[in-house]
Amino acid sequence: MDKKFGIVLLAVIALIGGVFFFTKDKADTKSTTTAVVSKHSSGAGTSGVELVEYGDFQCPACGSFFPIIEQIRTDYGDKLKFTFRNFPLTTIHRNAVAAHRAAEAASLQGKFFEMYELLYQNQTSWSSLTSPVVVFENYATSLSLDLTKFKEDFASEAVNNTINADRKEGEDKYAINGTPTFILNGQKLDSAEVGSLELFTKKIDAAIASLNN
């Protein structure tokens, strides 16, 4: 091999490698710091039934399920424990991580579900923005959050680690690779089984009935 050609080839390989790792670092939110999963739940779960959603705030399908889940939370009240886990699909939803950061930052001021609702209710208004951060800060202001603290938490490693811990749990425990994914008392549901309020209600009622037999 020509010596000059070999040097050029090595330089190209190094450049490609550098681009790969730079891109991976920018796109991948993973951290080596140990973190525990989030604890975002509503409803006491007096029936013994828990519904867990692994969701992505920018995911259109999650947005479509949002009103169904809200109705379920209203209808069952404390009978059902509803838990939300972060699962941003970073490769296809460029604003997802920022949205999840906003929700986690709000949770540190006791307003997770309030931010959760704003993000889903207004999904189409921020999803296509180049940067939705200002919009999320406006949401924080509307919720009477301490904006300085919100900004600090939004950018913090701790918030990032919580998001990653949720996603890792979903991947490792349930082999999740898409959203929304629902887990009813430890059983992963096919979205086609719960594609309407009626179907979802039947599944929940059956889970409650099974505990009373």
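Where a number appears in this text, it was derived from the coordinates with a stated rule and is not lab data. Keep in mind that this is a model prediction, so the values were computed, not measured. Note that we place each Cβ from the backbone using ideal geometry, even for glycine, and neighbour counts take in every protein chain shown.
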TODO: On a C-alpha basis, how far is the centre of region 43-90 from the centre of region 135-159 in Å? Whole number, if you could?
DONE: 23 Å
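At a threshold of 8 angstrom on Cα-Cα distance, excluding pairs fewer than six apart, so keeping six or more, what relative contact order does region 48-146 reach in percent?
Working: 102 pairs, mean separation 29.7, N = 99.
Once divided by the residue count of region 48-146, the mean separation gives 30 percent.
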- [ ] Work out Dmax and Rg for region 65-208 from the C-alpha atoms and quote the Rg first, both in angstrom.
- [x] 15.9, 46
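Once a ≥ b ≥ c are taken as the square roots of the eigenvalues of the Cα gyration tensor of region 133-194, is the result rounded (a/c under 1.5), prolate (a/b larger than b/c) or oblate (a/b not larger than b/c)?
Working: a/c = 3.45, a/b = 2.03, b/c = 1.70.
Verdict is prolate for region 133-194.
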- [ ] State the dimensionless ratio Rg/Rh of region 167-213 (Rg: radius of gyration of Cα atoms; Rh: Kirkwood radius).
- [x] 1.03
Open item on the list: Give me the net charge for the shell around T46: Cβ to Cβ below 9 angstrom, other residues only, Lys and Arg +1, Asp and Glu -1.
Closed with: +1
